[in-house]
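S.K.: Below you will find the structure I want to go over with you.
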Amino acid sequence: MRPFFFSYKSISISWYMFFTLVSASFGYIMASILATEYREKKDRIQDIYLILLIVGFIGARFGYALRHPDLYRDNIFSLFKLSHYNLSFLGGILSGLIALISISRIYGIAIEKLLSIFTTAFYLSMAIGIWVLRFDRLLLSLAHFKILLLSLVFLVGMVLELALGRRFKNKYTSITILLATVFAYYILI
């Protein structure tokens with residue numbers, strides 16, 4: 001299997017970058033659609049999405065560095081070398097939630113509304129992004145069925161959020177679905 005999705009002269013796009021761009025784009029589109037459904041300004045939600053995307057990647061990297069400090073003890077600048085091998089799923093989620101709480105207070109938007117919008121976009125992004133494992137040479141031993149199952153976990157989270165998020169006006173619905181989805185992810189991985 002080719003290590004790159006696209007390669008032309010000195011320009012190369014890895015499968016990881018391809019799936020990251022595709023999943024981030026679909027998440028952006030989903031957040032934009034949900035902005036109108038939740039009666040929020042579309043441009044504000046799009047701006048918040050991009051902030052959360054950046055904060056999520058930084059948090060994922062920071063979370064990994066906190067769990068593996070011995071890898072960076074001799075060379076602190078290697079913290080800035082990113083790949084999908086040195087990102088923490090849980091670090092990205094926690095940093096995104098902290099940023100979302102702060103943004104909620106700054107913009108005066110209810111956290112429950114922001115959680116409903118952005119967790120739905122997150123589930124869609126992860127359902128697509130998890131397929132990068134299919135093209136990863138080091139992780140090819142991961143069965144295709146398991147990748148499909150992980151993708152389905154995020155799709156189920158998205159459907160639950162879309163179905164239950166509007167039906168129940170409980171402020172804990174979105175966070176409960178998120179916790180259940182992350183728990184299911186860690187059980188399967």
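S.K.: Quote to one decimal, in nm, the extra length available between LEU79 and SER7 on full extension: 0.36 nm per residue of separation minus the C-alpha distance between them.
M.R.: Computed gain between LEU79 and SER7 is 23.3 nm.
S.K.: Another one. Under a GNM of the chain (C-alpha, springs under 10 Å), which listed residue has the highest mean-square fluctuation: LYS41, LYS81, LYS113?
M.R.: For the chain, modelled as a Gaussian network with Cα springs under 10 Å, the answer is LYS81.
S.K.: Kindly sort TYR49, TYR38 by accessible area of their heavy atoms, largest first, with the probe set to 1.4 Å. Write out the running numbers ahead of the final one.
M.R.: On the way: TYR49 20, TYR38 45 Å².
Reading off the accessible areas and sorting them downward yields TYR38, TYR49.
S.K.: Please work out the C-alpha center-to-center distance from the stretch 68-115 to the stretch 10-64 and express it in whole Å.
M.R.: 13 Å
S.K.: So which chymotrypsin sites (Phe, Trp or Tyr not before Pro) in the stretch 144-175 end up in coil per DSSP with only 14 or fewer other C-beta atoms within 10 Å?
M.R.: Counting only loop positions with at most 14 other Cβ atoms within 10 Å, the chymotrypsin sites (Phe, Trp or Tyr not before Pro) in the stretch 144-175 are PHE168, TYR172.
S.K.: Working with all protein chains in place, sort SER102, SER23 by solvent-accessible area computed with a 1.4 Å probe, largest first. Mind dumping the intermediate values first?
M.R.: Working: SER102 55, SER23 15 Å².
Descending order: SER102, SER23.
S.K.: For the full complex of protein chains and a 1.4 angstrom probe, list ILE13, ILE147 by accessible area with the highest value first.
M.R.: Final ranking, largest accessible area leading: ILE13, ILE147.
S.K.: Right, here's the next one. Select from SER174, SER88, SER14 the residue whose mean-square fluctuation is largest in a Gaussian network model of the chain (Cα-Cα springs shorter than 10 Å).
M.R.: Ranking SER174, SER88, SER14 by mean-square fluctuation puts SER14 first.
S.K.: If a/c stays under 1.5 just call it rounded; otherwise compare a/b with b/c (prolate if a/b is bigger, oblate if not). Do that for the stretch 1-132, with a ≥ b ≥ c from the square roots of the Cα gyration tensor eigenvalues.
M.R.: oblate
The values are calculated or read from the model by the stated rules, or taken from the named source; none is laboratory data. Since this is a predicted model, take the numbers as computed values, not measurements. Backbone-built Cβ (ideal geometry, glycine too); neighbour counts: all protein chains shown. When the accessible area is computed, the model is the full protein with side chains, heavy atoms only, and any ligands, DNA or RNA have been set aside. Shrake-Rupley method; radii C 1.70, N 1.55, O 1.52, S 1.80 Å.
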